[in-house]
Amino acid sequence: MIAIGHVGITLVVCAPFVNLLVASGHRAEVPGWVGIALLVTLVPDVDLVVPWITHRGVTHSLLAAGCLGVVVAVVSTTRWGGTPITPDESLRRAIFGFVVGSGGVISHLLGDLITPMGIRPFFPFDSHYSLNLVYAKDLSANLTFIAVGIVTFWTVYLRSKDPLPTDGTTADELPAESEVHSVNP
């Protein structure tokens, strides 16, 4: 896959995670976490520009997914700005960071698994897997993946339900869905 194909596949893979974030009251965090996932999904192809690393070798493995998951988890628990992070928030960020970091690499692996060149997910063991469905540089396949990814992501994001308020408001007191999105003059 080329970059746009990987981005599309990652958007599809992120959809359930986005629903979980929104349903747990963290809609504002969706752009940040998805942005990290989209960056991470491109990292395995660093082997294209580093001459001493074999393409689709160690960077295209579950080992790399785990390592990048740990890196994102550690970075996401780092305090940015002046507000301290509570232990519960730190644990939540670490879990999300690991899922996003490892998930971004795994979604990349899924994209390369469908190509004839395939992947070696259990590196350093000599195993090779390929579904041989589309060529990595097939532009129509890559454009299809990005289109499906965008539509899937936005559909899930927009249709995900925020949790009910915990301030004692009942469902009967909430505005109708048509009122939430309307603009009053």
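Below are the figures for this structure:
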| quantity | calculated |
| --- | --- |
| Karplus-derived HN-Hα couplings along segment 119-129 (A = 6.51, B = -1.76, C = 1.60, θ = phi - 60°), whole Hz, x at Gly and Pro | 9, 10, x, 9, 3, x, 6, 7, 10, 9, 10 |
| For Val151, Val12, order by how many other beta-carbon atoms lie within 10 Å, fewest first | Val151, Val12 |
| Pairwise centroid distance, computed over Cα atoms, of segment 94-153 with segment 30-52, Å | 12 |
| Relative contact order of segment 26-131, pairs being alpha-carbon contacts under 8 Å that are 6 or more residues apart, as % | 32 |
| Segment 38-97: chymotrypsin sites (Phe, Trp or Tyr not before Pro) in DSSP coil with no more than 14 other Cβ atoms inside 10 Å | Trp52, Trp80 |
| Rounded, prolate or oblate (a/c below 1.5 giving rounded, otherwise prolate when a/b exceeds b/c) for the chain by Cα gyration tensor | oblate |
| Inter-label distance for Leu63 and Phe122, nm, one decimal - labels placed 7 Å from Cα along Cα-to-Cβ | 1.4 |
| Crossing angle, helix 87-113 versus the chain [Cα axis fit, 0-90 degrees, rounded to tens] | 40 |
| Crossing angle, helix 3-23 versus the chain [Cα axis fit, 0-90 degrees, rounded to tens] | 30 |
| Spin-label model distance (nm) - Glu29 vs Thr86, 7 Å beyond Cα toward Cβ | 1.3 |
| Qualifying chymotrypsin sites (Phe, Trp or Tyr not before Pro) for segment 100-157 [loop in DSSP, other Cβ within 10 Å: at most 15] | Phe122, Phe125, Tyr135 |
| Sites excluded, trypsin sites (Lys or Arg not before Pro) in DSSP loops with at most 16 other C-beta within 10 Å, longest stretch of the chain | 1-78 |
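Where a number appears in this text, it was derived from the coordinates with a stated rule and is not lab data. Since the structure is predicted, the reported quantities are computational estimates derived from the model, not experimental observations. A quick note on method: Cβ atoms are made from the backbone with ideal geometry, for glycine too, and the neighbour counts reach across all protein chains shown.
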